[in-house]
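Here is the structure we will look at, set down as structure tokens.
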Amino acid sequence: MLATFLPSPTLPLHSATTQLAMHIDPTPTWNLSSRLSAVDKDCNAVSPHTSKRLMGDTELSYYLPSRADGVNDMYLHLGFRAPRSLFSARRVTAAWALLLLRHPPLAATVIPPPASTSPFETDYSQVNFTYTAPTSPSDALHRASALLHLYKDASKDELIHRYLNGDRTLGDHKLACLILSENISSQDDLSADYNLLICAVHFLGDGMALHRFANELFTLLAAPEAGESLTPHDFEDMVRKEWEARYGASKASASSVLPPALEDCLPPIGGKLRKAAVKVDFLNSTRKDIGGHSLPRAKGKPRKTLVPTPSFDEATTKSILKKCKAQGVSISNALFALSALAWSRVQQRDQAKDFRSDLPIMMYSALNLRPYLRSSPDLSYWFVSVGFFNVVLPAFLPSSNSEQDDKSKLHSMFWHRARLAKVQSSRAAKHPMLVPRTQQMAKLRSNRSQAFAAEDDAKAQGIPLPAPVHAPKTTAVVEPSRAPSNALFGLSLLGNLDGIYMHKSYPAIQLHTLTTGSRQREGALLVFGYTFVGKLWLSLGYDVNGFQAGVVEAWWNEVLSGVSEFLAA
């Protein structure tokens, strides 16, 4: 049962992490050899077809900070049981090669900006994606095998720990890879347990791309009367046909196979007056982002990301969904309220000196922008398409005269704040200025990342930073707010993932575990909430060495206790 290896909601965080092996043998233990030359039968090798384009603002804002240590490199872990015949090395390699042909960004590389004599003279906006197509079907298979890592008996915790805390797996010349481990101890003659990691840099795509890709992979390998019955040779023949259709001698084309940047797919802002109005609206909207709370950081120790991921059984999840529906909110809305309330309760209980109940709590979250694109790229769904919004909730707790009175007021206040979160989330998603604000924020984040990139490179080269230039005081169109604007943490609320994973399309694969996240910078914390295989999952990714001892653990235990107190009761 899954409950046997998930952390109990009442256990301390460290108990959720077993002692991990610090190294996994990088040499695949499965034999990847196959008769690749046969795949090129009736195919003539062609000259390489190359596509190239500049990164957009959103992509730059993810790429530049990732250069040093892979900050934001994404992963998606899926645990499942399946027939061993479906996941033979040769079969998986061919299926992976086929998907790399269908989704060229996964096999692309990055060309950094041309170097100048000084980082402060470098144009960091000149970063390119480039993709060179395989010259033959066997070349496609060779490339796929180089981006596929197969292991025996590597556990979920080992694989995730190494990806998050070890040396960087990805880089400019390796934007994505698959990692698959078969559990020998769980296998019988026909079936085995597997751990799959789909890894990709964040400037290549987003969470929705990861989940859609996983569903496509499982469907390809195990769809009844289709993928399930295909032999490795059949898959290799599909690679040959796919390559021939895209890049064969008769298909030579100068058109790019890389999807355009997000900003090129959003409606343009035309006219000087409208552009000025957009800037004023953006500045006014940021004035409302008031947050007076932040997690107390600690420095001096290397980053170590932990990912405790408790789940709640199907019956409990159904009860939670029913209660949220009765209150007119979603689980996502309730999690905003629960996270903020847990922080206030811990701070008040511990009588924290710097706790300001008069200042609101601000949390940030991601927004899927794919529904807002004026032209959805049909080349591949592998492109980054996310924006951001904030939810701001009160920090104060109600006063009471009795324990019963306190409980009643707390419940009433909790659901009221969940409805406030719903209003703010809906307003962000439906606001008529959503697209212009997204464009303004993308430009702001891109400019910041370029400035920080120059400083980082200068420090690495021992070049002193120039003295700051103070701009002359002018009358601002919108006066900046003097209120604090600190986000306490981020929540990535993915909704019902069973709407993406078509379990009935591959019944031979029994999915049971899902964990997702990314490599973090020091002192980072991000909460994921989602339903999967009928269960509610809460996943906390945080740098255990990046915060004052016990603070995050106390807050997280309060969140999990709150699920029972407010949602599951």
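The values are calculated or read from the model by the stated rules, or taken from the named source; none is laboratory data. Computed from a predicted model, the values in this text were never measured in an experiment. FYI the Cβ positions are ideal-geometry reconstructions off the backbone, even for glycines, and counts take in every protein chain you see. Surface areas here come from the heavy atoms of the whole protein model, side chains and all, with no ligands, DNA or RNA. Shrake-Rupley method; radii C 1.70, N 1.55, O 1.52, S 1.80 Å.
At-a-glance table
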| read-out | value |
| --- | --- |
| Kirkwood Rh in Å, taken over the chain so that all alpha-carbon pairs contribute | 25.7 Å |
| For the stretch 439-451, 3J(HN,Hα) per residue [Karplus equation, 6.51 cos²θ - 1.76 cosθ + 1.60, θ = phi - 60°, Hz, x = Gly/Pro] | 5, 5, 5, 4, 5, 4, 5, 5, 4, 5, 5, 5, 5 |
| Folded to 0 to 90 degrees: helix 89-102 orientation relative to the chain principal axis, Cα | 70 degrees |
| The chain, helix-only ellipticity at 222 nm - DSSP H runs n ≥ 4, -39,500 (n - 2.57), divided by all residues, nearest 500 | -11000 deg cm²/dmol |
| Karplus 3J(HN,Hα) series, Hz, for the stretch 151-163 with 6.51 cos²θ - 1.76 cosθ + 1.60 (x for Gly, Pro) | 9, 10, 6, 8, 6, 4, 4, 5, 5, 5, 4, 5, 5 |
| Highest to lowest packing among 89-97, 416-424, scored as the average C-beta count within 10 Å | 89-97, 416-424 |
| HN-Hα J in Hz across the stretch 409-425 - Karplus 6.51, -1.76, 1.60, θ = phi - 60°, x for Gly and Pro | 5, 4, 5, 4, 5, 4, 5, 5, 6, 5, 5, 4, 5, 4, 4, 5, 5 |
| Residues of type lysines that Lys409 reaches as a straight line, Cα spacing below 23 Å, ignoring anything fewer than 8 places off in the same chain | Lys322, Lys323, Lys325, Lys422 |
| Accessible surface, per residue, of the chain when the full set of protein chains is kept, probe 1.4 Å, Å² | 47 Å² |
| Distance cut-off 20 Å, percentage of C-alpha pairs in the stretch 207-365 lying past it | 79 percent |
| The chain: antiparallel DSSP beta bridges as a percent of all, rounded to 5 | 75 percent |
| For peptides 340-346, 160-166, sequence by mean Cβ density within 10 Å, most packed first | 340-346, 160-166 |
| Percent breakdown of C-alpha pair distances by 5 Å bin, ordered from the shortest bin, for the stretch 198-297 | 2, 8, 8, 10, 12, 15, 12, 7, 5, 6, 8, 5, 0 |
| Proximal lysines to Lys304, defined as alpha-carbon separation beneath 26 angstrom and excluding residues fewer than eight positions away on the same chain | Lys152, Lys156, Lys174, Lys459 |
| Peptides 275-282, 289-296, 451-458 ordered by average Cβ neighbours within 10 Å, highest first | 289-296, 451-458, 275-282 |
| Apportionment of accessible area to carbon and sulfur, the stretch 336-466, percent (1.4 Å) | 51 percent |
| Under 16 Å from the Cα of Lys504 - aspartates and glutamates, other chains or at least 8 residues apart | Glu216, Glu225, Glu228 |
